[in-house]
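One structure below.
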Amino acid sequence: MYRKEGSKLVIPKFVGFEEFGKPKKEIDMNGKPMKIEFKGSPREYQIPIVKQCLKHIKEKGGGLISLGCGMGKTFIALYLAHLLKGKTLVIVHKTFLQNQWIERIQEFTNAKVGVIRQSKVDIEGKDIVIGMLQSVAMRDYDSSIFSEFKTVIIDEAHHCPAKVFSQALFKIGSKYTISLSATPTRQDGLTKILYWFMGDMMYKLARKPCKHVYVKRFTYESDDKLFIEKRRWINGKIRPDRVKMITNVCELNSRNSFIFKLMKVLANQKDRKNLILSERRKHLETMKKLLDNHIEKCVKEEIWEEDEVTTGSYMGGMKEAALEDSANKDFIFATEQMAEEGLDIPDLNCIIMTTSKKNIEQAVGRIMRKQLKDGDIPPLIIDISDNLSTLKNDGNKRREYYAKNKYRIDTYNVLNDKVLSMHDYIIKTYGEDMLDEMSSYEEHGTDLSKLLYVDPMKDIDNDDDELELSESEDDSDSYGFD
């Protein structure tokens, strides 16, 4: 990762610091000053984070903050920018993240906000500017634009090492860099590029495993011809065709019928707010239509009142007003990408994962933003694990994650659109002759309304859900910021 400019080599800042030390001669990167008022104060657990990160930034020029969903990374980054007293650029890669940052800036400060996006360069007289990653990477803006910024905040920083997006990192040099990511480790091996450009991990914050989360795992099989192992030639070998298998399961009428049954049960559960995830937009549209038709039927038959059960979509390309409207619905049909990055709906408490995925930390975190109290219904994860090679392996990885976090896991078996009793599952899988040998099995029944029910919280001890601090803890008794 370097660029040639005449006789010079341009390398990532923090690689230079590591290999050659601080430069003997520094370009003035102080940018323009920023004097803004900040409304509110950090929470108690955020105070040592701010103090440690501020010290790290001033000594080393910046670094990465890794916080889980709902832990206040936007607030902390803005508070740090306020303390650093310089004009600030915030880099985001999605329109809805741009809008969320503008909302938070207006909520916590009196800063004047500008935008760098496509042909729009609105930075004159602005304190904080939101820049779209794609535009910064691919457009040839005048370099003087970026010299105005003393601090750069990079949201969802794990996207930046990608080939195209990384071009932006050479353009936005500043005195201080604050990078944010709940999941900084990349599966493609490019994590090191993150640290080359953005510095060391300054602080990492995680929650203790929450014992109040329930997981209902449904191991799915079908006798439909679409439910079959698909393989193709990939990188010199015959390998499972993951893309084709996901396409097929999304088109299975019996499988969608089962998901529809799950949604009907959830619609009758008091206070459930549901996130329906799929990696396929068409699949979401199919499921939403099934539920919308059912709602219309129930309203006509006077089973439900108008707007008693509501649905909305949360997908790329939607306007901000439409996304905000969807956020207030009882069922939100969202693409996995939208759910993982920036979806901020505190009342969510149930998630149905309808397509296979290994890494679910961010998606699951969306239903755990609210601290539970007596009378609340616990978070519920509904996991559909397809019994097809690589999709089955994904399901096993998710189960390991649930177990590691001490979630309460129940597993059931589904054939087509029906839950099998243990008695029927044993006959189907092992044959009737095995019933006696497996007589110790625990029968669970097949009524979805009972299987999906969990008792409201009672005598809850929130100490079990306290934040667990890790990486660079500061045990100082002083909370003053220099």
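Identify the single condition in (1) modelled with pLDDT of 70 or more; (2) closer than 22 Å to Ala168 by Cα that Glu37 does not satisfy, given that it satisfies every other one.
The one condition Glu37 does not meet is (2).
Tally time: how many residues in region 240-274 are in contact with a Phe, Trp or Tyr (Cβ under 8 Å, 6 or more places away or on another chain) and assigned to a strand (DSSP E or B)?
Result for region 240-274: 1.
Pick out the one residue from Lys329, Lys373, Lys357 that is among the basic types (Lys, Arg) and modelled with pLDDT of 90 or more.
It is Lys329.
From the set of residues in region 124-148 that are under 22 Å from Thr109 (Cβ atoms) and under 23 Å from the mean Cα position of the chain (by Cα), which is surrounded by the fewest Cβ atoms within 10 Å (Cβ to Cβ)?
Among those residues, the one meeting the criterion is Met132.
Can Asn359 be described as closer than 30 Å to Asp241 by Cα, touching a strand residue (DSSP E or B) at 6+ places or on another chain (Cβ under 9 Å) and assigned by TED's automatic domain parsing to the domain that holds Lys282?
Judged against the criteria, Asn359 is not a match.
Could we say that His294 is at pLDDT 95 or above, in contact with a helix residue (DSSP H, G or I) (Cβ under 9 Å, 6 or more places away or on another chain), farther than 30 Å from Arg242 by Cβ and surrounded by 15 or more Cβ atoms within 10 Å (Cβ to Cβ) here?
Taking the combined requirement at face value, the residue satisfies it.
Pairs, please: C-beta under 8 Å, at least 6 apart or cross-chain, first residue over 18 Å from Val309 (Cβ atoms) and in region 272-291, second among the hydrophobic types (A, V, I, L, M, F, W, C) and assigned to a loop (DSSP other than H, G, I, E, B)?
Partner pairs satisfying both residue conditions: Arg281/Met315.
Considering only residues of region 404-419 that are assigned to a strand (DSSP E or B) and in contact with a Ser or Thr (Cβ under 8 Å, 6 or more places away or on another chain), which is surrounded by the most Cβ atoms within 10 Å (Cβ to Cβ)?
Out of the qualifying residues, it is Val414.
Under 6 Å by Cβ, and 6 or more places apart or on different chains, what pairs join a residue from region 235-251 that is surrounded by fewer than 18 Cβ atoms within 10 Å (Cβ to Cβ) with one that is of a type in the set (A, V, I, L, M) and modelled with pLDDT under 90?
none
Within region 368-398, which residues are within 12 Å of Thr354 (Cα to Cα) and either among the β-branched types (Val, Ile, Thr) or without any contact (Cβ under 8 Å) to a residue 12 or more places away in the chain (or both)?
Residues satisfying the conditions are Ile381, Ile382, Ile384.
Can you find a residue in region 328-339 that is closer than 24 Å to Asn387 by Cβ and either among the β-branched types (Val, Ile, Thr) or not in a strand (DSSP E or B) (or both)?
yes
Restricted to region 59-94, and to residues that are part of a loop (DSSP other than H, G, I, E, B) and over 24 Å from Ser144 (Cα atoms), which residue is nearest to the chain's Cα centre (by Cα)?
Selected residue: Cys69.
If the requirement is being closer than 22 Å to Met287 by Cα and part of a loop (DSSP other than H, G, I, E, B), which of these qualifies: Ile377, Ile351, Ile382, Ile345?
Going through Ile377, Ile351, Ile382, Ile345 in turn, the sole match is Ile345.
The values are calculated or read from the model by the stated rules, or taken from the named source; none is laboratory data. What you see is a predicted model; the values in this text were computed from it and never measured. Backbone-built Cβ (ideal geometry, glycine too); neighbour counts: all protein chains shown.
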